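Reviewing the structure listed below.
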Amino acid sequence: MEAVSTQIRILQNANAKPSSYLSVIFGAEHVDESIFSSYQKHTIRQKCQLLCMALTHAQENMKGWQNEGWTWNKCCSEAIEVGRKMGVTRITNAHTIENWYRQFREKRSFIMPLQKKHNLPPFLLLNPDICDAMRKHGLTNLATLTIESMSEFLHLTVIPKMARAECEAGREEILLHDDNNPSMQEDENVVQSILRRYGLKVLCPSTVYNWMKLLGFNYDYRRKGFYVNGHEKEGTVAYREKFCERYLEGERKMLRWIQIEETEANELQEREVIPNETGYKYKDQLTGREMVEYHVDDCDLFQERMARESIFGGRRSLRFTEEEPCTIILGHDEMVIKQFLLTGKGWFGPNGELPLLPKDEGEGVMISGFVSRELGFGLTISKEQFQQINRNREGAKYLDEAAALKVKGSALKQPLKSDPSIREFFPGANAQGWWTYDHFVLQVEDVRDELIVIHPQFKFVLMVDHSCGHDRQREDGLNAENMNKSFGGKQSRLHDTQIKEKVGYLGPYLSIFKPGDIQTMNFGPTDEGPFWMTPEDRLKTKHDIVIVGKTKTRKFTKDELTEN
C-alpha cells in the first residue's frame, strides 16, 4: 500500500503544472520539450488521470483483500466510468489501463514513442550514452567508417555492455558466454531481449544507417574545397556544337545504317516504334523496290537485327560513295587504378568532420586503351596476323624518332608480343616514370601497324580528349625546366620572347626590362654569365676543354647488356 501511495503521488504531480507531465516520461530530461506534440501531451495527462483513479479505487477497496468482488480489473473499469463523467471518453476498455500500469510500475514513468522522423528512436533517446559512443566511434574511424562497421560495433560492444550493466544492477538475468574470445560475445537471446524492450525485432543495416543519419553523420561525395566547372563556358559550348556537326556528318561514312522496305517502315510507324516521316527514302535500282534507310540507333529492333547480320553492327549508307573506304572512329583514354584507391563517397562527421586521408594511394597501374563501337575494347589478333605485323615492322623506324629514342632508346620498331591497343604502364618516380605524349604517340603508331594488317579496308579516325598526355610542347617552347643555367653540355634552344606589356610579363623586374624588349633564354657568344661566377670562372667554363691522353670509361647498363 505504501508503494501504491507513492505511485498515486507521482501521477497527481504530473498534472500540477503545465510542464509537470515531463516527470512521468522516461528520459525526458535529455530531450527538448518541443519534440512532443499537443496530442502527445494531452494523452499523457489523461493516462495519469485514469491510472490515478484506478489506483485510488484499489487503495480504498482492495486493502487487505477484505472487500470481496473488487478486482484490479474492476478498479480500472470504475476509473473509466468516472473519467467518462468528466469528459474523458477515449478509453473504454479496462485492459488498456492495466497495460498502462504494467509499463508505469517498472520505472515509475512512461516510455513515449516519438512520431516525428527527425527525432531519435526510443533506443537512442533513452540511452544517451549509446549516442555518445556511436558518435565517438564514428569520428575515430571516419576514414574507414561503414554501416557494417557501425553495426558490428553495436552488436559486439554496445549491447553486451548494456547486458552486463543490467546483470550488475540485478534487473534481469542475462547469460553471456566468452567462447575463448577476449571480447564478450552476446547470445542471440540477449540481443532479442534488449531489442524487444525498445520495440525492435532486429538491428539490421538499414536501421543502423537511419540511426547514423539521425546522429548527424552524412554519406556524401568527397570533394575538394574549390571546384570550377568549365563545361558551359562560351568557347566550350561553341566548340561542342561544331564538333557535334562534324561528327554527325561523318557518321554517313560509318557502318551504322540499315535499309528496310517501305512497307515494313510504315508498319513500324503504325506501331509507333519509330517516328512518322523519318528516314531516307529511295528506290533500289536492282529490284525496283521502295526502300527507307535508318540509323541503327533509331530503333532497338534495328540494333538487334544488325547485331545478327553484321559483325560491325550496321551497314554502310546508300548516300556514301563507293570509292571511299568506310570510317571507324577509335576513341582513346587513360585511367589509373591505385592500390589504396578511395571511393568517391565517405562518411562525414556530425559537424562536417573529415577523416585524415593519406596523400599516397599506394602502387598504381595506368591503362591506356583504344575502343570503338565496331571493334569493341582492344583488338582481336590471330597468331598469323601477329607474324604479318612484325614482318612489316622489321627494320622500320618510328615516325617520331625523338619520342622513340626517349622512351625506348632506339628509333627501330621492335616485334610486338601483345596487343598494343591496351597497354599497361606503371607510373611513378621509382617505376616507369610518367606517361607523356612520347608514350602515347608510339602506342598510336603500334596500333596503326596493327590496323593496316587486320582491317585494311577501313579508314580510321582517332578521337582523344585534351590532356597533357595527348599534346606536346614545342621543341623550343618556354619551359623553366629546360632553361639554360650555365655553359656547356647538351642544351635546349628556347625561342626568344618579346615583352609586350608590364602586367603579366615584368612584375617587380621593371628596372631590368621594359615593354618592347626582347628577352633571350639562351647564352649568346657575347653574353656574360652565369651571374654567380667570377669573370675568370666564366671564361673557363664558356669554352670546351680538351684533355689529351685521357679516356673516359663507364659501365654498360642492364638494358644495353641485354640488347648486346
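Quick note: the coordinates plus some simple rules give every number you see, no bench work behind them. The structure presented is a predicted model; accordingly, all values stated were derived computationally and were not measured. Note that we place each Cβ from the backbone using ideal geometry, even for glycine, and neighbour counts take in every protein chain shown.
Checking a compactness column here: for region 234-325, what do you get for Rg(Cα) / (2.2 N^0.38 Å), N being the number of residues?
Rounded to two decimals, the normalised Rg is 1.24.
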Do the alpha carbons of any pairs in Lys41/Lys107; Lys47/Lys161; Lys47/Lys85 sit beyond 22 Å of each other, and which pairs?
-> Lys47/Lys161
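I need the chymotrypsin sites (Phe, Trp or Tyr not before Pro) found in region 267-373, filtered to DSSP loop residues with at most 12 other beta carbons within 10 Å of theirs.
Details: sites: Tyr280, Tyr282, Tyr294, Phe302, Phe312, Phe320, Phe340, Trp347, Phe348, Phe370; in loops: Phe312, Phe320, Phe340.
Filter output for region 267-373: Phe340.
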Net lengthening on full extension, Ile512/Thr157 (0.36 nm per residue, minus Cα-Cα) | 120.7 nm
What is the percent of Cα-Cα separations in region 2-107 that go past 17 Å?
-> 54 percent
Starting from region 266-333, pick out the trypsin sites (Lys or Arg not before Pro) whose DSSP state is loop and whose Cβ has at most 16 other Cβ atoms within 10 Å.
-> Arg271, Arg289, Arg319
Compute the length gained on full extension between Arg391 and Glu361: take 0.36 nm times their separation in residues and subtract their Cα-Cα distance, giving the result in nm to one decimal.
-> 6.6 nm
Chymotrypsin sites (Phe, Trp or Tyr not before Pro) lying in DSSP loop within region 408-488, provided at most 15 other Cβ fall within 10 Å | Trp434
Listing His439, His470, His42 by rising number of other beta-carbon atoms within 10 angstrom, fewest first, gives His42, His470, His439
